[in-house]
Amino acid sequence: MKLRLLALAGLCCAFFSSCAVEEETLANEDEKMFLEAWIHTHHPDAEKKGMGIYILNEETVGTGEDVTMPCYVLVTYTVRDTDGNITSSSDAESAKQTGDYDRTYYYGPSVWSFSEGTINKGLEDLLTGMKVGGEREALIPGWLQTYKRYDTEEEYMKEVTDQSALIYKVRVDGITEDIYDWQTGQIEKYCAEHSLTLPEADPDGFYYITETAGEGKTEDMHKDTTVYINYTGMRLDGQVFDTTDERTAKDHHIFSESKTYEPMAVKMSSDSTQIKLDGNSITSGFGKTLWEMKPMEKGIGIFHSTYGYGTSGSGSLIPAYAPLVFKIELVPDPDPDEEETEDEETEGEEDAE
């Protein structure tokens, strides 16, 4: 009996020791085995690169400039999971193939910041060594989809969890070292195509063009008052993403039955960043456009992404680093009688007090 108890104790020790060893194994070990089997089955000739991405198929070598840090890379891309399902794409044809195409979405080169800390490690390894005009497809393990940097693949596997492997197909359409100059060039091209005379920009890339001169002084708009506007916001490719005009909304396929298309109230302020549209905050570029206008004026604000949606964009309509255009017209109060009634009621309440 004593011998049996000793044997049982030995088995328990061996069991718990094996558990301890399992806990020390890399969190992504099973995923790594799966990916190696996937590569062996689907792409046996794939080349392992960098910290562990796999280059799939034969790449197209570009003939333009080298992609080197730091810079901004203009890419057209499609992302798939290991089952072949497309999860995102900036390519219109890919979106059409999957039935996800929407004519209002932005399709075309996207801007990626290519520097350590602004791009995940897997994409860094993918882009390294490419040239403008080149095309490459790579499997990126989940543990390399991080902005942190480690010295070995094992460290990535240990530290980064809960990410699935993805397949990126990327074409490099261009590069720029100065995103400010690139956006300025895009705005200059837009103005040339639309016969607009571009004035001098402020230091952060804001331009204002008067279409129809207003009345009074610009300072009249810097008061704590309410004005009414019609406006249309659009990308430089002409796609409208917001408007108060019903016909424009229908023409650009953004019409919504739940929205009322009419002049909107703007609460002005002595600080352009505090201007409110129908009680809601607006982009600083929109506010700055209003700030430049005179009462009853019609004008155009064109500005860098610094004044818009910055480095992240907004959904599928506005990409990262996108300059925007806002056409704004100041109009009379659409219902002055209602405002007068409210004023009279307020005066009556004050008299009663």
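Side notes on the structure shown:
- The range 44-56, residues that are crowded, with 16+ Cβ neighbours inside 10 Å and on the phi < 0 side of the Ramachandran plot: 46, 51, 53, 54, 55, 56
- Taking residues in the range 280-303 that are more than 19 Å from residue 196 (Cβ to Cβ) and free of Cβ contacts under 8 Å to residues at least 12 places away in the same chain, and partners anywhere that are open to solvent by 10 Å² or more (accessible area, probe 1.4 Å) and in a strand (DSSP E or B), the pairs with Cβ atoms closer than 8 Å and at least 6 places apart or on different chains are 282/276.
- The residue that is modelled with the lowest pLDDT, counting only those in the range 196-222 that are surrounded by 14 or more Cβ atoms within 10 Å (Cβ to Cβ) and touching a Cys at 6+ places or on another chain (Cβ under 9 Å), is 198.
- Test result for residue 20, in a helix (DSSP H, G or I), open to solvent by less than 50 Å² (accessible area, probe 1.4 Å), modelled with pLDDT under 95 and of a type in the set (A, V, I, L, M, F, W, C): yes
- Scanning the range 97-124 for residues being of a type in the set (Val, Ile, Thr) and part of a strand (DSSP E or B) gives a total of 2.
- Per the listing 193, 153, the residue uniquely in contact with a helix residue (DSSP H, G or I) (Cβ under 9 Å, 6 or more places away or on another chain), open to solvent by 20 Å² or more (accessible area, probe 1.4 Å) and over 30 Å from residue 279 (Cβ atoms) is 153.
- Tally, over the range 33-56, of residues that are touching a residue at least 12 places away in the same chain (Cβ under 8 Å) and within 31 Å of the chain's Cα centre (by Cα): 9
- Complete set of residues in the range 57-77 that are in a strand (DSSP E or B), touching a residue at least 40 places away in the same chain (Cβ under 8 Å) and either open to solvent by 20 Å² or more (accessible area, probe 1.4 Å) or not polar (S, T, N, Q) (or both): 57, 59, 60, 66, 71, 72, 73, 74, 75, 77
- Conditions (1) at pLDDT 95 or above; (2) open to solvent by less than 30 Å² (accessible area, probe 1.4 Å); number of the one not met by residue 160: (1)
- Taking the range 145-181 as the range and being part of a helix (DSSP H, G or I) and under 21 Å from the mean Cα position of the chain (by Cα) as the test, the residues that pass are 179, 180, 181.
- Filtered residues of the range 267-291 (kept if surrounded by 20 or more Cβ atoms within 10 Å (Cβ to Cβ) and closer than 13 Å to residue 208 by Cβ): 285, 286, 287, 288, 289, 290, 291
- A Cβ distance below 7 Å, combined with a sequence gap of six or more or placement on separate chains, defines the contacts here; from the range 85-99, residues that are open to solvent by 60 Å² or more (accessible area, probe 1.4 Å) reach residues that are not aliphatic (A, V, I, L, M) in the pairs 87/80; 87/81.
- Across the range 182-236, the qualifying residues are those that are touching a Leu at 6+ places or on another chain (Cβ under 9 Å) and in a loop (DSSP other than H, G, I, E, B), and the one among them that is nearest to residue 324 (Cα to Cα) is 236.
- Of the strands (runs of 3 or more DSSP E) lying entirely inside the range 245-340, those containing at least 3 residues that are β-branched (Val, Ile, Thr) and modelled with pLDDT of 95 or more span 324-331.
The values are calculated or read from the model by the stated rules, or taken from the named source; none is laboratory data. None of these values were measured; they are calculated from a predicted model. Cβ: placed from backbone, ideal geometry, glycine included. Neighbour counts: every protein chain shown. Each accessible area value is taken on the protein alone, full model and side chains, heavy atoms only, with ligands, DNA and RNA left out. Shrake-Rupley method; radii C 1.70, N 1.55, O 1.52, S 1.80 Å.
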